[in-house]
Amino acid sequence: MSEINELTVFWNDSCLDHEPPAGEFEAEWTGRLAVEEPHPDRHERIRNVRSIIEATIDDGVTWDEAIPATRAQLERVHDPAYIDEFKTFCEAGGGRLTAETGANEASYPAARYAAGAALQAAEHAIENDLRNLPYALVRPSGHHAQPAQADGFCFFNNVAIAAEHALETSRTQRVAILDWDVHHGNGTQECFYERDDVLVISVHNDHWSWDPDAHPQTGDVDEHGRGAGEGYNLNVPLPAGTGDGGYEYVFDRIVEPVVTEFDPGLLIVSAGQDGGTVDPLGRNVLTKTGFEMLGRRTRELAADAAGDTLALVQEGGYQISHLAYATLGVLEGVLDRGTGIEDPMAWMDEDFDSAERAVDEIVEYYDTYWNLP
């Protein structure tokens, strides 16, 4: 296994300028309350992540300026009409596109930079080995964005655009996407649902669909791909209260054996740390220690099964203090580097028994397609 000693972070200040409308948490303002609340996708999220990196592991970190994805790169995933509609919507000042998803005049360029950073991270992963790890620290997130519609605070599907770029430019013939955001990566699923050259594994809270129009996918196990893609989309819906032990059990029973059997030329992680113990938009209880485990196991998997290629792309995480600590945990794990910093918010015990039962049932379902232990 290659020793990881450097981190390259793709970043652009434009990602700070995207601002969804305030209201009642993620919902539209009704006037019933005394105080309008900022939308949970606040720029402070990634500002705090950058700050904790600079304060704790900055030696060996390179900050690389992200460049925006081109129109042609966006169109590999998204319908041209949708791109035009989103651009026009933002140029007119923005507003709400769905009940929970909104934008302002800066959101279209920010989304292009976010997609571009993910694409650069994928290129970097293939051109370098694990000794120099790429991380796209971006917002808006992307994994809910479908080819022709926005959803879940997402407009362009950053990891899908990165995967398509790697495939279209013949950098690899197979890409595996691991999504551990607490919400189902429904947009990524939609992009590759009939494909066998992209493996999508989404490990998420069992939240079902939150909007039949904007988010029609359920995230359940029966959404397992269609046609050539049958069996290449794996959903792992976890019960509320799943924590560090439950997520490691998922890695043991599903993630590691399936990715190893798939044998990708590139592994991309949709790294949403909203499975953390105090996240307002999640109900799982991962601690910083659990995120360190995810980072470490992913690094080992990339070395053993993905040709020393690994790219991290930021997705969710909405408790702005814990997100920073959780993300630091991920980076400590993938860099094989400890800081000695403990989780200041590891307050909840996990329900491992429920998680174990759920995962065992999921394994029985997907054993039809993969050799699972």
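The values are calculated or read from the model by the stated rules, or taken from the named source; none is laboratory data. Source: prediction; values computed, not measured. Note that each Cβ is placed from the backbone with ideal geometry, even for glycine, and that neighbours are counted across all protein chains shown. The protein model used for the area step is the full one, side chains on, heavy atoms only, and it has no ligands, DNA or RNA in it. Shrake-Rupley method; radii C 1.70, N 1.55, O 1.52, S 1.80 Å.
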On the basis of being part of a loop (DSSP other than H, G, I, E, B), among the small types (Gly, Ala, Ser) and crowded, with 24+ Cβ neighbours inside 10 Å, does residue 316 make the cut?
yes
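Table: residues versus (1) charged (D, E, K, R); (2) open to solvent by 30 Å² or more (accessible area, probe 1.4 Å).
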| residue | (1), (2) |
| --- | --- |
| 243 | no, no |
| 251 | no, no |
| 256 | yes, yes |
| 259 | no, no |
| 270 | no, no |
| 278 | no, yes |
| 291 | no, no |
| 295 | no, no |
| 298 | no, no |
Quick test of your reading of the structure: residue 251 fulfils all but one of (1) closer than 30 Å to residue 165 by Cα; (2) among the aromatic types (Phe, Trp, Tyr); (3) out of contact with any Leu (no Cβ under 9 Å at 6 or more places or on another chain). Name the failing condition by number.
(3)
For segment 87-123, name all the residues that are within 22 Å of the chain's Cα centre (by Cα), assigned to a helix (DSSP H, G or I) and farther than 13 Å from residue 19 by Cα.
112, 113, 114, 115, 116, 117, 118, 119, 120, 121, 122, 123
Spot the failing condition for residue 350; the list is (1) assigned to a helix (DSSP H, G or I); (2) open to solvent by less than 70 Å² (accessible area, probe 1.4 Å); (3) of a type outside the set (Gly, Ala, Ser), and only one is missed.
(1)
Go through segment 127-145 and count every residue that is touching a helix residue (DSSP H, G or I) at 6+ places or on another chain (Cβ under 8 Å) and open to solvent by 10 Å² or more (accessible area, probe 1.4 Å).
1
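From 44, 28, 19, which residue is out of contact with any Asp or Glu (no Cβ under 8 Å at 6 or more places or on another chain), surrounded by 18 or more Cβ atoms within 10 Å (Cβ to Cβ) and acidic (Asp, Glu)?
Details: 44 fails: surrounded by 18 or more Cβ atoms within 10 Å (Cβ to Cβ); 28 fails: surrounded by 18 or more Cβ atoms within 10 Å (Cβ to Cβ).
That would be 19, the only listed residue that is out of contact with any Asp or Glu (no Cβ under 8 Å at 6 or more places or on another chain), surrounded by 18 or more Cβ atoms within 10 Å (Cβ to Cβ) and acidic (Asp, Glu).
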